[in-house]
């Protein structure tokens, strides 16, 4: 079943590393929700039942309580959700009050993705985060008090000035707090960001050590390393993201949101005024549209599936399409076969991008 993604492109302040489409003008939120409602009406002819909903950003938790209610009204008015749909809402500590958490839970959100990035206040300051470690822990407690049991935390490693031991402390803190899903992302530095101008980096060797520290500590703590950057306790893997990695259909609403429905891929306007202009003219607000070939789809399926622990079916359609290169990678010892599935060996996950590129190109 398809997934629904809704982009809320607002933040109190953009983090120093962020290259996502976001705006700091919070007074524009109300007007943006009106545009989202119009886009939903344009797309409500998409009658499939959604198994997952993901509300991301930006920082969706900057919405006021009444705006959160309005957003869920828009979703439920225009789209059909399955009875047990996974509904994820991204939140930051400084903007997640107990009142907001309760409204989210009452309106059907059943999974929270909390942005910690680090439990070291020095790192948080370097990254340009607005909250402290203690504020994050308070927001986590609010989420649990509101009723949430499925809570994920985002952490970033490879922050300039940090060591493997610093990263291990963050991992152990996340484990001790009791999260059932942990995402570990290596810091990517873009030229057009404040961090990009500093020209500070962590060596690839140190990044690799941090990556494997994640594997060791979280595996020992009972987490399954089900995707390169994601670890989950049993039953808590992200259904929405799994749908994406398995190349299922998804519909995107909002500025810069992407959709992939069968062979058709579109990406919405990233400029606010262009997005608004198209919506007000009752037009689809995308600036990019392409029809994928069968070969394109096979490449995507392989590229995405090899990020997963489950990999692909041995001698299945995808394997056969790339059989020669898959067998070469198997002979090199980069891949392994287990339970009728082919996957990249975990010890090579840090260099998975280069392995996947060798196979599909």
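The values are calculated or read from the model by the stated rules, or taken from the named source; none is laboratory data. Please read all numbers here as calculations on a predicted model, not as lab measurements. Positions of Cβ are generated from backbone atoms using ideal geometry, with glycine treated the same way; all protein chains shown enter the neighbour counts.
Taking residues in region 194-223 that are assigned by TED's automatic domain parsing to the domain that holds residue 308, and partners anywhere that are outside any loop (DSSP other than H, G, I, E, B), not one pair has Cβ atoms closer than 6 Å while being at least 6 places apart or on different chains.
Residue by residue, here is whether (1) within 14 Å of the chain's Cα centre (by Cα); (2) farther than 22 Å from residue 237 by Cα; (3) touching a residue at least 24 places away in the same chain (Cβ under 8 Å); (4) outside the structural domain of residue 72 (by TED's automatic domain parsing) holds:
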| site | (1), (2), (3), (4) |
| --- | --- |
| 15 | no, yes, yes, no |
| 29 | no, yes, yes, no |
| 34 | no, yes, no, no |
| 42 | no, yes, yes, no |
| 45 | no, yes, no, no |
| 48 | no, yes, yes, no |
| 51 | no, no, yes, no |
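Scanning region 325-339 for residues that are part of a loop (DSSP other than H, G, I, E, B) and surrounded by 15 or more Cβ atoms within 10 Å (Cβ to Cβ) yields one hit, 334.
Every residue in region 72-89 that is within 21 Å of residue 151 (Cα to Cα) and out of contact with any strand residue (DSSP E or B) (no Cβ under 7 Å at 6 or more places or on another chain), please. The answer is 72, 83, 84.
Taking the stated definitions as given, is residue 20 under 23 Å from the mean Cα position of the chain (by Cα) and closer than 22 Å to residue 102 by Cβ? So residue 20 fails the test. Scanning region 280-324 for residues that are surrounded by 14 or more Cβ atoms within 10 Å (Cβ to Cβ), in a helix (DSSP H, G or I) and under 26 Å from the mean Cα position of the chain (by Cα) returns 297, 298, 299, 300, 301, 302, 303, 304, 305, 318. Please verify whether region 142-150 includes one or more residues that are farther than 18 Å from residue 68 by Cα, at pLDDT 95 or above and under 16 Å from the mean Cα position of the chain (by Cα). So far as region 142-150 goes, yes, one or more of its residues are farther than 18 Å from residue 68 by Cα, at pLDDT 95 or above and under 16 Å from the mean Cα position of the chain (by Cα).
Among the residues in region 241-255, are any assigned to a loop (DSSP other than H, G, I, E, B), over 22 Å from residue 1 (Cα atoms) and out of contact with any helix residue (DSSP H, G or I) (no Cβ under 6 Å at 6 or more places or on another chain)? No - not one qualifying residue is present in region 241-255.
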